[in-house]
1. Looking at the structure I just gave you, is K136 farther than 24 Å from S59 by Cβ, out of contact with any Cys (no Cβ under 8 Å at 6 or more places or on another chain) and surrounded by fewer than 16 Cβ atoms within 10 Å (Cβ to Cβ)?
2. Got at least one residue in the stretch 135-146 being part of a loop (DSSP other than H, G, I, E, B) and touching a residue at least 12 places away in the same chain (Cβ under 8 Å)?
3. Determine, yes or no, whether K173 is touching a Phe, Trp or Tyr at 6+ places or on another chain (Cβ under 9 Å), part of a helix (DSSP H, G or I) and not β-branched (V, I, T).
4. For residues that are over 11 Å from the mean Cα position of the chain (by Cα) and hydroxyl-bearing (S, T, Y), scanning just the stretch 101-133, find the one that is surrounded by the fewest Cβ atoms within 10 Å (Cβ to Cβ).
5. Would it be correct to say that K113 is part of a loop (DSSP other than H, G, I, E, B) and closer than 21 Å to L58 by Cα?
6. Answer yes if at least one residue in the stretch 156-172 is surrounded by fewer than 24 Cβ atoms within 10 Å (Cβ to Cβ), closer than 22 Å to P61 by Cα, in contact (Cβ under 8 Å) with a residue 12 or more places away in the chain and over 16 Å from the mean Cα position of the chain (by Cα), and no otherwise.
7. Checking the condition closer than 16 Å to I71 by Cα, of a type in the set (K, R) and either in contact with a strand residue (DSSP E or B) (Cβ under 9 Å, 6 or more places away or on another chain) or part of a loop (DSSP other than H, G, I, E, B) (or both), which residue from R185, R165, R189 passes?
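Just so you know, all these numbers are worked out from the coordinates, no wet-lab data involved. Model, not experiment: these values are computed from the prediction. Cβ placement follows ideal geometry from the backbone for every residue including glycine, while neighbour counts extend to all protein chains displayed.
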Amino acid sequence: METEQTESHREREFKDPPPFPKTNDHISHSLSFSILPKDKSTTPILQKYTFPHYFSPLSIPLPASRKWRYIVIHHSSTSKGSAKAFDRYHRRVRHWKNGLGYHFVIGNGSQTKVGEIEVGPRWKRQIQGAHAGSHKYNYHGIGICLVGNYEHKKPTPKQFYALVRLTKTLMKKYKIPLSHVLPHRMVRRGPTDCPGKAFPWKAFIQAIKQ
């Protein structure tokens, strides 16, 4: 049986769970912002994603009780999912007592709203994740999972914007350098393309720099 430190990343397909209760953890309301038109200075790498020149911080819990050093980006490799669905799978199938291995999950519209950021129990409790396949990055890394399979297609703009805003907010709070924002494929022991071959990593990094 796999442990939380050596888990395989790929998830299963999930049946729709009961409606997720509305709490302050569901902050999709803070993701509504106007999309500014591209200006002439927009570089080719960002042509597919037009976004505001300023990403405002998110209203999420930002405890100072743990020293976070990395941010690890994932995709779920599934067509649908949510924090609740993944938590159920991690508890019932992987038998992880702490449940959901990620700290944050960003919805794709299948079981939560597109771009909706769900705050996981591990983040609330400020405990290590079970997402990286590496003790170092599980212990020191914040795991963010985008629902969807991005091997052959890109995330939706709303997911992309939500990921950029969440990443920038976490980087600022915990003083995490850009060099410590990593795709799962760079930290896992073993082959994986996570967060997917089609995920626009260069555009993501460039957006963070703005």
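1. On the way: farther than 24 Å from S59 by Cβ: yes; out of contact with any Cys (no Cβ under 8 Å at 6 or more places or on another chain): yes; surrounded by fewer than 16 Cβ atoms within 10 Å (Cβ to Cβ): yes.
So K136 fits the description; yes.
2. No - not one qualifying residue is present in the stretch 135-146.
3. Yes; evaluated as a whole, the condition is true for this residue.
4. S110
5. Judged against the criteria, K113 is a match.
6. Taking every residue of the stretch 156-172 in turn, at least one turns out to be surrounded by fewer than 24 Cβ atoms within 10 Å (Cβ to Cβ), closer than 22 Å to P61 by Cα, in contact (Cβ under 8 Å) with a residue 12 or more places away in the chain and over 16 Å from the mean Cα position of the chain (by Cα).
7. R165 is the lone residue from the list that is closer than 16 Å to I71 by Cα, of a type in the set (K, R) and either in contact with a strand residue (DSSP E or B) (Cβ under 9 Å, 6 or more places away or on another chain) or part of a loop (DSSP other than H, G, I, E, B) (or both).
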